[in-house]
Amino acid sequence: MSEVREFIKRYKDDPLSFVKECLEYQVDPWQEEFLTEIGKGTRKISIKSGHGTGKSTALCWVLIWHLLFRLGKAVITAPSTGQLDSAVWADVRSMIDKLPSSLRDLCEYTADRIYLKEAPNDSFINKKVSRLDNYDALQGVHSPNSVLLLVDEASGVVPQVYEASYGSMSTENARMILTGNPTSNHGYFYETFHSMKSEWYNISVSCLDSPRVSQSYINEMIAMYGEDSPVYAIRVLGEFATNQDDSFIPFDLAYSAVERDVHYNPETPLIWGVDVAHFGNDSSVLIQRKGNVLIDEPVVWKRIDLMQLCGELLHMYDNVPERPQSCLIDSIGIGAGVVSRLQEEGRMPVRGINVAESSSTGKTYLNMRAQLWGDAKEWLERKDCKINSAKLATELSTPKYSFASNGKMKIESKSDLKSRGVKSPDLADAFCLTFASSPAIFAGSRNYRWNEPIRRNLV
């Protein structure tokens, strides 16, 4: 025990030395700043960063240090089980196993708890997933010694979790640490860098300054999205993306759906949306939506003719594990040929959607295209949904909106986008097409006749 007492004396107020000497890690400059503030007793720290900069690793260090040398209670939470298990919990256990034996032997494990054998109820680490149906993850944590609340992927944690944490933070011996990619321009995590900035110690970490991030990753992000894109700002620079005021769908609204841990109801119908290429450099795209989740990656075909596209769709339909209830295809221009050919085959439940026709909902939208984008926006605003592509999120935030002389809202057309040098949002248009039938919108109800068109523009 004398050795343990010496460890406690040495590292109680010095997590930086503990990490270097006991865990034997090389510490990046921002991590050194972070650990130094922890040693000083800074109560509220918020860290935003790009991908792969070591923020989850730094949380693991602090959890172990707190367990061993502060003899208090710690809770780590994240919006998904996968994030907790793969990015934090497994690393914590691995790090503890590498400690000097006198420290390692103090610890005991259960599935969701690590504790000191001598004080199992007073010194421990708990992991809890934070969701709307489990918002009390950080509630009611009290200790006469020390309380540590950690939130990973903080942008995705619902506001109720932060509200529930207020009671646990009511004493001077409590501290709270938030980390995450800055994926949303709203919410508690965002405000710790803005309206609440004076209450929090802020750290921002760019991949450009991190030795942990390869140049190849940065180059890949540039090639895929461009240095001016919001995805590059979030994933590389670790900065909140700026929403354009005239974008119909704000980028952070769309991108937050990429990061979410949401699962679909297996009983909901599968809907396909297909956007047919209209210009030489455009792509034909298939998006598959099952209720509140996009399944699989978008399927993209470049430079294939219409008959080839028909063949590809038929081949997929014949070989997928689950066939769609509806395949909704933009029937404007050359898309009409694809619809006609597939309907002639008679194997697929194909419907043609003329997005230029008048909206079916009356006064709000100028045409069907605007209505479908409006439906997609409402779907995203419910925040219980998931999309599977950062590129799709970018495309959804690209078109601008305006109002026609009759007061109806319109969404920037593909030709207008092309005229200002913007690539056609093929993925986004295919996604929006999945909202062109009531089964697609209200997936889950059993009260629909699936083969009956509900809008006059469905053929």
task = Mind telling me which of the residues Met169, Met221 ends up being outside the structural domain of Lys44 (by TED's automatic domain parsing) and surrounded by 15 or more Cβ atoms within 10 Å (Cβ to Cβ)?
result = Met221
query = Among (1) more than 17 Å from the chain's Cα centre (by Cα); (2) at pLDDT below 85; (3) surrounded by 20 or more Cβ atoms within 10 Å (Cβ to Cβ), which single condition is Ala277 missing?
reply = (2)
query = modelled with pLDDT of 95 or more, loosely packed, with under 14 Cβ neighbours inside 10 Å and not acidic (Asp, Glu), is that true of Leu178?
reply = no
remark   = By residue number, the members of region 383-409 that are of a type outside the set (A, V, I, L, M) and in a helix (DSSP H, G or I) are Lys391, Thr394, Glu395
query = Do you know which residues across region 246-287 are closer than 30 Å to Pro321 by Cβ, in contact with a Lys or Arg (Cβ under 6 Å, 6 or more places away or on another chain) and touching a residue at least 40 places away in the same chain (Cβ under 8 Å)?
reply = Ala257, Arg260, Val262, Thr268, Leu270, Ile271, Ser283
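Is it the case that Ile287 is part of a loop (DSSP other than H, G, I, E, B), within 20 Å of the chain's Cα centre (by Cα) and either of a type in the set (S, T, N, Q) or modelled with pLDDT of 90 or more (or both)?
No, not satisfied.
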task = Collect the residues in region 1-22 that are among the aliphatic types (A, V, I, L, M) and buried (at least 17 other Cβ atoms within 10 Å of the Cβ), keeping them in residue-number order.
result = Leu16, Val19
inquiry  = Between Arg43, Arg113, which is within 30 Å of Lys386 (Cα to Cα), under 29 Å from the mean Cα position of the chain (by Cα) and of a type in the set (D, E, K, R)?
reply    = Arg113
task = Check Ile334 against each of (1) under 14 Å from Asp275 (Cα atoms); (2) in contact with a helix residue (DSSP H, G or I) (Cβ under 9 Å, 6 or more places away or on another chain); (3) at pLDDT 90 or above and name the one condition it does not meet.
result = (3)
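Go through region 193-209 residue by residue and tally those that are hydroxyl-bearing (Ser, Thr, Tyr) and at pLDDT 95 or above. Please lay out each step first, then the result.
Step one: of region 193-209, the residues hydroxyl-bearing (Ser, Thr, Tyr) are 195, 198, 201, 204, 206.
Then drop every residue that is not at pLDDT 95 or above, which leaves 201, 204, 206.
The total comes to 3.
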remark   = For Thr42, the lone unmet condition from (1) surrounded by fewer than 18 Cβ atoms within 10 Å (Cβ to Cβ); (2) among the β-branched types (Val, Ile, Thr); (3) touching a helix residue (DSSP H, G or I) at 6+ places or on another chain (Cβ under 7 Å) is (3)
remark   = Within region 289-311, of all residues that are closer than 15 Å to Asp426 by Cβ and touching a strand residue (DSSP E or B) at 6+ places or on another chain (Cβ under 6 Å), the one surrounded by the most Cβ atoms within 10 Å (Cβ to Cβ) is Leu309
key: Wholly enclosed helices (runs of 4 or more DSSP H) of region 17-134 bearing at least 1 residues touching a strand residue (DSSP E or B) at 6+ places or on another chain (Cβ under 7 Å) and in contact (Cβ under 8 Å) with a residue 24 or more places away in the chain   = 29-40, 55-69, 90-97
message = Any residue that is within 30 Å of Glu220 (Cβ to Cβ) and of a type outside the set (Gly, Ala, Ser) - is there at least one of those in region 355-375?
response = yes
Residue that is closer than 30 Å to Ala233 by Cα, in contact with a Leu (Cβ under 6 Å, 6 or more places away or on another chain) and surrounded by 20 or more Cβ atoms within 10 Å (Cβ to Cβ), where the choices are Leu63, Leu35 = Leu35
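The values are calculated or read from the model by the stated rules, or taken from the named source; none is laboratory data. Nothing here was measured: the structure is a model prediction, and the numbers come from that model. Glycine also receives a Cβ, built like all others from the backbone with ideal geometry; neighbour counts cover every protein chain displayed.
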